[in-house]
Structures are given as C-alpha cells and as structure tokens.
Amino acid sequence: MASTQIVGVDIGSGSIRAVEVTGVGSKRPSVARFFSLPLPEGAVKNGEVIEVNTVAAALKQLWNAAKFGSKEVVLGVGNAKVLVRDLSVPKLSQREIRESLATHVQEMLPVPVADALLDFYPISEAASESGPVVNGLLVAAIKDSVLANVKAVQLAGLEPVGVDLIPFALTRLTSPSRMIGNVAHIDIGARTTNVIVTSGGVPQFVRIIANGGQELTAALADRLSISEADAEATKRNLGLGGVTVPPEQAPTIAIIREVTGNLLTSLRNTLSFFSNSRQNEPYSGIVLTGGGAQLLGFADALSEMTRIPVVLGDTFGSIDVSRDASRGSQSQLGMNVALGLALGGAAA
C-alpha cells in the first residue's frame, strides 16, 4: 500500500465512526480528522450491514461533513458471526498456513468452509511429536457479512484497502506503561463486547460477547414503559447507583444492577477461562473502553468482581492529534475502534 493516509471505519449498530490517520506505518502517526454520524435504526444489526444503500449514503454524508483527505479505508469486523479460537498448525510460511486452514478448521465452524473467510494470527512456535508447530489464533468470519460491509463502502465511492478484526485493532492503542504481562482489553459497544488479552502487546486470546450497552437501555425502556431516549438518559444519569439509593430510584437501580450484573459475570468468567487455561497466569490490569464503559460505577464494579485493577482507556492519549481534527465539536468517545483500524492500515 503506497498511501500512508488511511481512514479507519467502524460501522456500528447505531452509528458510523471514522478516524483519518496520517503517517501510517511511521514512528509518529497522527490523527488528521475524526467524525461520526448516526445510522437509521435497522440499517445495521449486531454489527452486520443489513441495508447496504442506506449505509453507503451515510458514508457519503460522513465524508462530505468530515472533509477526509483520503478515500482509502480499513474496515473492522467483530460480531457474533466472527469466531476466534486457539489453533496449532504445522510450521509453514504464513501464506502456506492460510492456504491450508480449510483442512484444519471445518469441525470448528458453524458453517461450511466455503461460506467463511479464514485467517491465522501466529503467536508462538513449539515442538510436537509430529514436528514443529505454530500456535496462534484462527479467525473465521461469515463471508456474506463481511462482503456487505465492503459493498457499502464501495457504493459510497470509497476504496476498501483492508479488513481487520476489531479486537486486534483495539490492542494497537497503547496501554498504560505500568501494565506488564497479561492485560485484558475490554471494549463495550452498543450490541457487542470485545475481550482481548495481550501479553507484551501480543494478542493471546479473543472473545466476542453478544451483549452491550443497548441491552440495558432496552430493558429500562421495556420495564419502565418509557422511550429509549429517556431510558438512555436514565441509564447515564443514575449508573449503578451509590451505597445508598433514594427510595424513588430503587426500582430503576435494581434493573440497572441486574442487567449490568449479567455482563459483569460474563466478563469475569471469560477472563477466568483464559487465566485457568494458562496455569492461572495473573492479569496486571484491565483497560476499559467503549460507550458502555462510561456507565457510572461500572469500572469499580468490574474491578471488585474480577479483583483486577481497571483503568479507563484514553482514546487519543498515545497519539498526536491535529488542532483542527474535530469538526463540529465531535467527541472522541467511541473512536477507539476506528483509530485502531487506521493505525493498522499499513498491514491490514
């Protein structure tokens, strides 16, 4: 790829977020622009483009509003139709490993191999009874789901130069330097929560949980018989509540704690599964990102349940940002996926 100016595009269930990075692949990349626009309800469902023309029109609108200087984009994939699992294969070149994946993985897939896009992320090498092997992560995505995203981008007059796994993109954002060893990166979106464990910055484990902040909003709207807009505002204002809860807020706080407790339990169990599979290797910390991570009290509750220190990730904290990067007072919140995609643009 000749260009060093790339736009990472994160097509979510409720919005499109994009970050343009210059100097991709250099020692000092920088954010040139970032922008987001809401999507009509139903255009994207659970991270999968349903209405291609609607999303393409939104992308055109976003490019016009943001004045991005590049039409080369890297797309992210990461929903319930993406499988990431441990896999060991005979030691070969990366190209030969990719070509041989179909013979190793059919039993692991919920669909025929022909309907999936396969990739392999190598982590380490080891010896086995049959010879040297490469240990890594199998990435399998439903082909139609990925191609719908690509088609929307092409219809918008943009050039998709890469498709990257969202969990991998998240790990490109620098963790606090004091965190060494195993670090859990948890990103809570509207419909999906990504969990990535890295060691020395190298991804070791990935799980995509089909649960996000929207589940709590929907539960509040349904049980309290209020609009989703009011439910969203209620969620953000109250959070998990304090030590003492006013009687009039008690029913609402109970719903928030119940629904949020389900996600917290899933996260604890996911982190425990990885730790137990690696001889109880400890975590040095959790980096928490995404819109759902902003729920008042969530970070403290996660730390208490997992007994692991939690820090809120700073989206643009480790990269230079141009003075006029944001147009229309755009928020940096939720831009972490798009930024990570752009930073990996040279290798995607």
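Yes or no, residue by residue, for (1) of a type in the set (S, T, N, Q); (2) farther than 22 Å from Arg85 by Cα:
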{"position": "Ser124", "(1), (2)": "yes, no"}
{"position": "Ala127", "(1), (2)": "no, no"}
{"position": "Asn135", "(1), (2)": "yes, no"}
{"position": "Lys151", "(1), (2)": "no, yes"}
{"position": "Gly157", "(1), (2)": "no, yes"}
{"position": "Gly213", "(1), (2)": "no, yes"}
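Being surrounded by 14 or more Cβ atoms within 10 Å (Cβ to Cβ), over 25 Å from Ile286 (Cα atoms) and of a type outside the set (Val, Ile, Thr) is a property that does not hold for Leu173. If we keep just the residues of segment 29-60 that are among the polar types (S, T, N, Q) and under 21 Å from the mean Cα position of the chain (by Cα), which is surrounded by the most Cβ atoms within 10 Å (Cβ to Cβ)? The residue in question is Ser36.
The requirement of being at pLDDT 95 or above and under 27 Å from Thr171 (Cβ atoms) is not satisfied by Val44.
For segment 118-139, state whether one or more residues are more than 18 Å from the chain's Cα centre (by Cα), of a type in the set (D, E, K, R), over 17 Å from Val49 (Cα atoms) and surrounded by fewer than 19 Cβ atoms within 10 Å (Cβ to Cβ). Yes: one or more hits.
Tell me the helices (runs of 4 or more DSSP H) entirely within segment 150-267 that contain at least 3 residues that are free of Cβ contacts under 8 Å to residues at least 60 places away in the same chain.
Values: elements: 166-170, 213-224, 228-238.
Correct list: 213-224, 228-238.
Scanning segment 110-143 for residues that are of a type in the set (Asp, Glu), out of contact with any helix residue (DSSP H, G or I) (no Cβ under 6 Å at 6 or more places or on another chain) and either more than 20 Å from Gly201 (Cβ to Cβ) or not assigned by TED's automatic domain parsing to the domain that holds Glu96 (or both) returns a single hit, Glu129.
One line per residue, one yes/no per condition, for (1) farther than 25 Å from Val24 by Cα; (2) polar (S, T, N, Q):
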| residue | (1), (2) |
| --- | --- |
| Ala43 | yes, no |
| Val49 | yes, no |
| Asn53 | yes, yes |
| Ser70 | no, yes |
| Ala80 | yes, no |
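Yes/no matrix, rows are residues, columns are (1) in contact with a helix residue (DSSP H, G or I) (Cβ under 9 Å, 6 or more places away or on another chain); (2) surrounded by fewer than 15 Cβ atoms within 10 Å (Cβ to Cβ); (3) of a type in the set (S, T, N, Q); (4) outside the structural domain of Asp222 (by TED's automatic domain parsing):
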site	(1), (2), (3), (4)
Val245	yes, no, no, no
Glu258	yes, yes, no, no
Ser266	no, no, yes, no
Phe274	no, no, no, no
Pro282	yes, yes, no, no
Gly292	yes, no, no, no
Ser303	no, no, yes, no
Asp324	no, yes, no, yes
Gly334	yes, no, no, yes
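The set of residues in segment 50-93 that are within 15 Å of Ala32 (Cα to Cα) and of a type in the set (Gly, Ala, Ser) comprises Ala65, Ala66, Gly69, Ser70. If you filter segment 10-25 down to residues that are within 17 Å of Leu170 (Cα to Cα) and not aliphatic (A, V, I, L, M), you find that the one that is surrounded by the fewest Cβ atoms within 10 Å (Cβ to Cβ) is Gly25. Of all the criteria given as (1) within 23 Å of Ile196 (Cα to Cα); (2) in contact with a Lys or Arg (Cβ under 6 Å, 6 or more places away or on another chain); (3) modelled with pLDDT of 90 or more, the one not satisfied by Ile142 is (3).
Conditions (1) among the β-branched types (Val, Ile, Thr); (2) at pLDDT below 95; (3) within 21 Å of Gly201 (Cβ to Cβ), marked per residue:
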residue	(1), (2), (3)
Asp230	no, no, no
Ile256	yes, no, no
Gly261	no, no, no
Leu264	no, no, no
Asn269	no, no, no
Ser275	no, yes, yes
Pro282	no, yes, yes
Gly285	no, yes, yes
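The values are calculated or read from the model by the stated rules, or taken from the named source; none is laboratory data. Every value quoted in this text rests on a predicted model; they were computed, and no experiment measured them. All Cβ positions, even for glycine, are placed from backbone atoms using ideal geometry, and neighbour counts span all protein chains on display.
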